[in-house]
């Protein structure tokens, strides 16, 4: 299954500004919330930065989530926590370093925006000056039926993704 509403994402990207404007907004969100990492971006802003090559996008969900729920084609998976593990991935920073240099912006995506906050915090402490959380994550919040995928998030925004 593939979701690629090209015309919608091109329009959305044009409306949200250039990479520097997006990075400024992300930093302002962090300041307003007192975050210990560079900033928060919306899914549409993350897609615009990714498309412009202005930031590296990293998926921090588990391998089963990535494979069965869906993922963004070409985006590396660096698990924050392996499926069933109680502790974060001890190789997280080493694996992150294989995909993203510390001197460039990096954005983290998880299911709902919680693990990606932790990843952004740890990356910041490790020297990533522009580590960002993608708000709402891949699936967004639970809706009235206690299901994800329709209330916020990457998929609900209509951004490109694939499913194995």
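Across the chain, the mean sequence separation of Cα contacts (distance under 8 Å, 6 or more residues apart), normalised by length, yields a relative contact order of 28 percent.
In the stretch 19-164, the DSSP beta bridges split such that about 15 percent are antiparallel, to the nearest 5.
When the helix-only estimate is applied to the chain (DSSP H runs of n ≥ 4, each -39,500 (n - 2.57), divided by the residue count), what is the mean residue ellipticity at 222 nm, nearest 500 deg cm²/dmol? Each step should come with its number before you reach the end.
On the way: 6 runs with 57 residues, N = 164.
Result for the chain, helices only: -10000 deg cm²/dmol.
When Rg and the Kirkwood radius Rh are both evaluated on Cα atoms of the chain, their ratio Rg/Rh stands at 0.94.
Can you sort 23, 77 so the residue with the fewest Cβ neighbours within 10 Å comes first? Don't jump to the answer; show the numbers that get you there.
Details: 23 21, 77 18.
The order, fewest Cβ neighbours first, is 77, 23.
Comparing Cα centroids, the stretch 42-64 and the stretch 70-122 end up 11 angstrom apart. Set the Cα radius of gyration of the stretch 81-164 against 2.2 N^0.38 Å, with N its number of residues, and you get 1.19. Tell me whether the stretch 19-82 comes out rounded, prolate or oblate; compute the Cα gyration tensor, take square roots of the eigenvalues as a ≥ b ≥ c, and use a/c under 1.5 as the rounded threshold. Oblate, because a/c is 1.5 or more while a/b does not exceed b/c.
Readers should treat all values here as calculations from the given coordinates under stated rules, not as data from a laboratory. What you are looking at is a predicted structure, and each value in this text was computed from that prediction instead of being measured. For neighbour counting, all protein chains shown are included, and Cβ atoms are generated from backbone atoms with ideal geometry for every residue, glycine included.
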